[in-house]
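The values are calculated or read from the model by the stated rules, or taken from the named source; none is laboratory data. Remember, it's a predicted structure, so these values are computed and weren't measured experimentally. Reconstructed Cβ throughout: ideal geometry from the backbone, glycine too, with neighbour counts over all protein chains shown.
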């Protein structure tokens, strides 16, 4: 967590072992703290918006049946019309196991209402042991969206 009170009862001792210590409430609290640090309004469920280069990311927790997911959307810049290209799934550079997994699980979609492409990733909450993993997931999504943007620009 970025900000922690003395009475917080979150045990981070197993975070390095990859075990899940964050509940949905913990992740929402973490996102709320980041929202406050970014001086964003937070009415209702916390949705963190970060501009990373040309990519705007939106991050929130959403329910998916009995499970919960961290939903990260990378919004590419608006463009006049969709490029109907058969784009291979790019892997952000430098390539890594995490980048490969992110590329394999991401959806690359045209958002007609906004006139832009988006990259959507849904990561099970159980795969996020700490705040660092949340930030890494956001940055990796932005990197993936930037790689798609380069592919579109190259034509």
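Considering only region 133-153, state which residues are free of Cβ contacts under 8 Å to residues at least 40 places away in the same chain and under 14 Å from the mean Cα position of the chain (by Cα).
Taking region 133-153 and keeping what is free of Cβ contacts under 8 Å to residues at least 40 places away in the same chain, we get 133, 135-136, 153.
Listed by number, the residues that qualify are 133, 135, 136.
In region 22-39, what count of residues is obtained for those that are in contact (Cβ under 8 Å) with a residue 24 or more places away in the chain and either surrounded by 15 or more Cβ atoms within 10 Å (Cβ to Cβ) or part of a helix (DSSP H, G or I) (or both)? So that I can check it myself, show each step before the final result.
Taking region 22-39 and keeping what is in contact (Cβ under 8 Å) with a residue 24 or more places away in the chain, we get 22-24, 26-31, 33-34, 37.
Restricting the remaining residues to those that are either surrounded by 15 or more Cβ atoms within 10 Å (Cβ to Cβ) or part of a helix (DSSP H, G or I) (or both) gives 22, 24, 26-31, 33-34, 37.
Going through region 22-39 one residue at a time, the tally reaches 11.
Rundown of residues vs (1) surrounded by 13 or more Cβ atoms within 10 Å (Cβ to Cβ); (2) closer than 15 Å to residue 60 by Cα; (3) at pLDDT 90 or above, yes/no style:
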site: 80; (1), (2), (3): no, no, no
site: 100; (1), (2), (3): yes, no, no
site: 119; (1), (2), (3): yes, yes, yes
site: 134; (1), (2), (3): yes, yes, yes
site: 141; (1), (2), (3): yes, yes, yes
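For the structure I just gave you, tell me whether residue 64 is farther than 21 Å from residue 139 by Cα, at pLDDT 75 or above and either surrounded by 11 or more Cβ atoms within 10 Å (Cβ to Cβ) or touching a strand residue (DSSP E or B) at 6+ places or on another chain (Cβ under 9 Å) (or both). Walk me through how you get there before you give the answer.
On the way: farther than 21 Å from residue 139 by Cα: yes; at pLDDT 75 or above: yes; either surrounded by 11 or more Cβ atoms within 10 Å (Cβ to Cβ) or touching a strand residue (DSSP E or B) at 6+ places or on another chain (Cβ under 9 Å) (or both): yes.
Yes.
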